[in-house]
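Enquirer: Below you will find the structure I want to go over with you.
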Amino acid sequence: EAAGSWGRPPGPAAGPTAAQLAAAAPTPTAATASPSPASAGGNVAAGAPSPNGCYYKERLHALVSQRLKRDLLPPGFIKYTEDWEEGEFISTVTVRWATGTGSESESTFRGNPQPRKVAAQHDAARVAWETLEA
């Protein structure tokens, strides 16, 4: 038995090829497609992040990284804080800008009230991202 065979018979690796896996993958149908925010029963109020696309924190991080020309942001460059008002979370995101010349500034953005803390953070990130992208 060949060294490193781990008890497998010699020869090509068994299993489907990438083409076979792709051909066997199910195609999305109306029954398996991602639901719309309205049909998902999620919070679809104005300013609420879509249940299918809650990636505003990641989008904001990528935008700030791009603007600062840094692959990795040190801790504290994007900071989220939450308040609890009238039974909902309201998140504020503060983005710290370092120009490399020793000067720094901050931009603060406040999201809309949300029933969950993470949803509130994504909404604050959405406000920041939309403002900075404009």
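The values are calculated or read from the model by the stated rules, or taken from the named source; none is laboratory data. The model shown is predicted, which means the values in this text are computed figures rather than measured ones. Reconstructed Cβ throughout: ideal geometry from the backbone, glycine too, with neighbour counts over all protein chains shown. Surface accessibility is based on the protein's heavy atoms, side chains included, excluding ligands, DNA and RNA. Shrake-Rupley method; radii C 1.70, N 1.55, O 1.52, S 1.80 Å.
Enquirer: Could you give me the residue pairs with C-beta distances under 8 Å whose first residue belongs to the range 56-71 and is farther than 18 Å from residue 92 by Cβ, whose second residue is modelled with pLDDT of 95 or more and not β-branched (Val, Ile, Thr) wherever it lies, and which are 6+ apart or on separate chains?
Expert: That search, which allows pairs on different chains as well, returns nothing.
Enquirer: Report every pair of residues separated by at least 6 positions or lying on different chains whose Cβ atoms are under 7 Å apart, first residue within the range 106-134 and free of Cβ contacts under 8 Å to residues at least 40 places away in the same chain, second part of a helix (DSSP H, G or I) and exposed (fewer than 15 other Cβ atoms within 10 Å of the Cβ).
Expert: Final answer for the pair search is 109/131.
Enquirer: On to the next question. Residue under question is residue 95, and the condition is that it be in a strand (DSSP E or B), out of contact with any Gly (no Cβ under 9 Å at 6 or more places or on another chain) and of a type in the set (Val, Ile, Thr); does it hold?
Expert: Numbers: in a strand (DSSP E or B): yes; out of contact with any Gly (no Cβ under 9 Å at 6 or more places or on another chain): yes; of a type in the set (Val, Ile, Thr): yes.
For residue 95, the condition - in a strand (DSSP E or B), out of contact with any Gly (no Cβ under 9 Å at 6 or more places or on another chain) and of a type in the set (Val, Ile, Thr) - is met.
Enquirer: Closer than 16 Å to residue 128 by Cβ and either in contact with a Gly (Cβ under 7 Å, 6 or more places away or on another chain) or at pLDDT below 50 (or both): is that true of residue 49 in this structure?
Expert: Numbers: closer than 16 Å to residue 128 by Cβ: yes; either in contact with a Gly (Cβ under 7 Å, 6 or more places away or on another chain) or at pLDDT below 50 (or both): yes.
In short, yes.
Enquirer: Residue 67 fails exactly one of the following numbered conditions: (1) modelled with pLDDT under 90; (2) open to solvent by less than 40 Å² (accessible area, probe 1.4 Å). What is the number of that condition?
Expert: Single failed check for residue 67: (2).
Enquirer: Next question, about the same structure. Considering only residues of the range 80-114 that are at pLDDT below 95 and among the charged types (D, E, K, R), which is surrounded by the fewest Cβ atoms within 10 Å (Cβ to Cβ)?
Expert: Among those residues, the one meeting the criterion is 86.
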